[in-house]
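Below is one structure, written out as C-alpha cells; the observations come after it.
The values are calculated or read from the model by the stated rules, or taken from the named source; none is laboratory data. The model shown is predicted, which means the values in this text are computed figures rather than measured ones. When we count neighbours, we look across all protein chains shown, and the Cβ atoms used for this are built from the backbone with ideal geometry, even at glycine.
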Amino acid sequence: MLKTLIAFVIAVVAGAIVGSVIQTQFNLAALIELSVPISFDVRISTIIHDLIHFSPIFALLLAVVLLVALPIAALCSRKLGGTERWWFISAGFFGLLCCFVIVNYVAPMPTLIAATRSWEGMGAMALTGAFAGWIFDRLWHPLPRELAEPLI
Amino acid sequence: MKKLIFSLMLGALFHSAWASNEVKVEVVAEGLSFPWSLQQLPAEQGGWLVTERGGRLLHIADDGSVNAIPLQLPELFVTGQSGLFEVTLAPDFETSRELLLSYACGSLSANTTCLARASLSANAPYETTEVKQIFAAQPLRKGAAHYGGRMTWLPDGTLLLTLGDGFDYREQAQNLNNHLGKVVRLQRDGSVAADNPFPDKAAGYIFSYGHRNSQGIVYDPARDVIWQHEHGPKGGDEINRLQAGKNYGWPIASYGIDYTGAMVTPYQDLPGVIQPMYQWTPSLAPSDMALYKGDLFAQWQGDLLVSHLAGKRVQRLRLNEGTWQVEQTIEVDNKARIRAVEVARDGAVWLATDAAEGKILRLSPTGSESRR
C-alpha cells in the first residue's frame, strides 16, 4: 500500500511539474507571436513562477484524474489483458483529456487552462497525464530490466 | 512604477473608510433578475430605465413601481455573462425618444456584442418601436464571456462602446484587424465615426485597444478626459485614462495573473503600452463607473464611483496630484455584489445589485430627505 501511495504521489508531482513547464511554453509562444521579447532569463523566471503558482492547481486536477483513471486501468489490464504499462499511459492521457473538457464545461470561464485553448495545447497537456501514468506503473510494477537499472 | 502603485494602494488602504453613518441606503425596488444598468429619464418625475441581463427593459417610476417595457432585440443571446447589457439615451432623447442598447447577439457557437437603437414612446405605459441592430462587433466568437458592453457619449455626439476579448481570444486584443478587446467609437446610427485613429483597420471603428473586459467608461467634461476601467484576470483590474489610438496592454502587459496561477505575461509595463492610472490587486471586479456631480454629496464633486462584483462594494476615488486614490468604501445590503452605479439629477447615487433577486438602491446623505 505504501509503495502504491509513494508511486502515486511521485506520479502526480512529476506530471504537474512537466505540465506546468509545458503550459508556460504555450503561453510564452503566444506572446512571442505578438512580438513580445522573451529572453532566456524571462523564460526561466516565468517557468519558476508557474511552478510555484500553477503547478499546485494542476497537481490537484491530475490527482483527481489519476485516482479515477488508474484503478480503471488496473482493472482493464486484469480483465482484458494487454500490456499494463500501456493501460496506465492511456488512462492518464484520456483521463486528463476528459478532465479538461469537463472542467471547461463546469467552470465559469470558457477555458480554465489557457494552454488548452488549442488542440495542440490540449494534446500536449494531456500527454502529461500519460507521463504520470507511465511514472506510476514504472514505480508500482517495474519491469525486471528496470529493477536492474542503477539508481544513479 | 510598481513601488509607486504599491505605496498608493497602501495609502488608499489607510484613507478608506467603510460605509459610515454619513450614507443612508434606501431600497427603491427589489425582485429584479440580474439588473445590469440604470438610466434616469430626463423628464421631471420621469423615473428610470433599468435593463436586466435576461433581456427585459424595465421602467421604475418614482414611487418604486416596476413595469416591463416590451422589447424585441434582434438575435438576443442570453446565457452565462451574455444577455442585455446597457441602455443609454441619445443626446437629443427628449425630442428623438431614441435609446441605444448594448447586448450579446448570436448563439453559443457564434456570438458577439451588438448595439441596437429603439424608440421609446412618450408616455407610460412605455413601448419600444423601430428596434434595429446598428452594430455588431467582428468577428463572431464561441463561448459566453467578456463582452464589455458599457457606453458613454462624447461631446461631439459620438458614442464609445467597450468590447471584451471573448476570454479565449485574449491575444486578439492586440490585433487591430478585429474588435475583440477594443473600445470602438461610432456615430449614433452605428456607422463609423469619421476621425477614428485606425481608419483602415477593422472598418475604422477602433478607438483604443489592448483591453480585457471593460465594464466602466465615463466622459469627464470638467477635465475633458475619458475614464475607463476593466477587469484584470486574478489581480490587475485597471483604471485608465482613455486616449485615441493607444494600447492599454492586455495581454502583453498586466498586473494580474491567470485564474490558475499561471503567468499571462511576464511584463507589467512595455514600451508603447499605457500604464493604468490605478490598479486593483487582488481584483475587485469593477462592474460600472459614474462620475459624481450633484448637490447631495457636496464633497464628492468630480470623484469617481466604482461598483464592484467580487469586491461587493462601491468605492469613491478622488484624483489627487494626477493619481486616483480610494477615499471611501461603501458596502450595501449585507455585502451585495453591485452591478451598476449611476448619479441621479438630485445628486443621490443609485445602485443595482447583481443577484437573481436584485435590488435597486438609492444612497443619500444621512439626514437628507427620503425619496418618497
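Failed condition for B:Val264, given (1) away from chain A (no Cβ under 14 Å); (2) touching a strand residue (DSSP E or B) at 6+ places or on another chain (Cβ under 7 Å); (3) assigned to a loop (DSSP other than H, G, I, E, B), with all others met?
Of everything listed in (1) away from chain A (no Cβ under 14 Å); (2) touching a strand residue (DSSP E or B) at 6+ places or on another chain (Cβ under 7 Å); (3) assigned to a loop (DSSP other than H, G, I, E, B), B:Val264 misses just condition (1).
Can you tell me which residue among B:Thr51, B:Thr79, B:Thr88 is assigned by TED's automatic domain parsing to the domain that holds B:Thr128 and touching an Asp or Glu at 6+ places or on another chain (Cβ under 8 Å)?
That would be B:Thr51, the only listed residue that is assigned by TED's automatic domain parsing to the domain that holds B:Thr128 and touching an Asp or Glu at 6+ places or on another chain (Cβ under 8 Å).
If the requirement is being more than 18 Å from A:Ala30 (Cβ to Cβ) and buried (at least 24 other Cβ atoms within 10 Å of the Cβ), which of these qualifies: B:Ile274, B:Ile226, B:Ile206?
None of the other options fit; the residue is B:Ile206.
Taking into account only those residues within the range A:93-142 that are more than 14 Å from every other protein chain (Cβ to nearest Cβ) and not in a helix (DSSP H, G or I), which is surrounded by the most Cβ atoms within 10 Å (Cβ to Cβ)?
Filtering first and then ranking leaves A:His141.
Within the set of pairs 6 or more residues apart or between chains, which connect a residue that is touching a residue at least 60 places away in the same chain (Cβ under 8 Å) and farther than 23 Å from B:Asn175 by Cβ inside the range B:219-246 to a residue that is among the basic types (Lys, Arg) and surrounded by fewer than 24 Cβ atoms within 10 Å (Cβ to Cβ) with Cβ atoms less than 8 Å apart?
B:Trp227/B:Arg241
I need the full set of residues from the range A:36-53 which are facing chain B (nearest Cβ under 8 Å) and under 14 Å from A:Phe26 (Cα atoms), in order please.
A:Val36, A:Ile38, A:Thr46, A:Asp50
Report the residue count in the range B:53-103 for those that are touching a strand residue (DSSP E or B) at 6+ places or on another chain (Cβ under 6 Å), free of Cβ contacts under 8 Å to residues at least 40 places away in the same chain and of a type in the set (D, E, K, R).
3
Taking the criterion of being farther than 26 Å from A:Thr4 by Cα, modelled with pLDDT of 95 or more and surrounded by 16 or more Cβ atoms within 10 Å (Cβ to Cβ), would at least one residue in the range A:53-75 satisfy it?
There is at least one residue in the range A:53-75 that is farther than 26 Å from A:Thr4 by Cα, modelled with pLDDT of 95 or more and surrounded by 16 or more Cβ atoms within 10 Å (Cβ to Cβ).
Restricting to the range A:14-48, what's the tally of residues that are touching a Pro at 6+ places or on another chain (Cβ under 8 Å) and of a type outside the set (A, V, I, L, M, F, W, C)?
2
Can you pull out the strands (runs of 3 or more DSSP E) entirely within the range B:303-372 that have at least 2 residues that are within 13 Å of B:Met289 (Cβ to Cβ)?
Passing ranges, in order: B:304-308, B:314-320, B:338-343, B:349-353.
Can you say whether B:Pro251 is more than 27 Å from A:Gln23 (Cα to Cα), touching a helix residue (DSSP H, G or I) at 6+ places or on another chain (Cβ under 9 Å) and buried (at least 23 other Cβ atoms within 10 Å of the Cβ), as far as the supplied structure shows?
Spelling it out, it is not the case that B:Pro251 is more than 27 Å from A:Gln23 (Cα to Cα), touching a helix residue (DSSP H, G or I) at 6+ places or on another chain (Cβ under 9 Å) and buried (at least 23 other Cβ atoms within 10 Å of the Cβ).
State which residue is nearest to A:Ala126 (Cα to Cα) when the search covers only the range A:44-84 and only residues that are of a type outside the set (Gly, Ala, Ser) and outside any helix (DSSP H, G or I).
Residue satisfying both the conditions and the ranking: A:Phe54.
Yes/no matrix, rows are residues, columns are (1) within 21 Å of the chain's Cα centre (by Cα); (2) crowded, with 22+ Cβ neighbours inside 10 Å:
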residue	(1), (2)
B:Asn123	no, no
B:Thr128	no, no
B:Arg141	no, yes
B:Tyr147	yes, yes
B:Leu154	yes, no
B:Thr158	yes, no
B:Leu161	yes, yes
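Might you let me know whether the range A:82-92 holds any residue that is touching a Leu at 6+ places or on another chain (Cβ under 8 Å), free of Cβ contacts under 8 Å to residues at least 60 places away in the same chain and within 20 Å of B:Asp168 (Cα to Cα)?
The answer is no, given that none of the residues of the range A:82-92 is touching a Leu at 6+ places or on another chain (Cβ under 8 Å), free of Cβ contacts under 8 Å to residues at least 60 places away in the same chain and within 20 Å of B:Asp168 (Cα to Cα).
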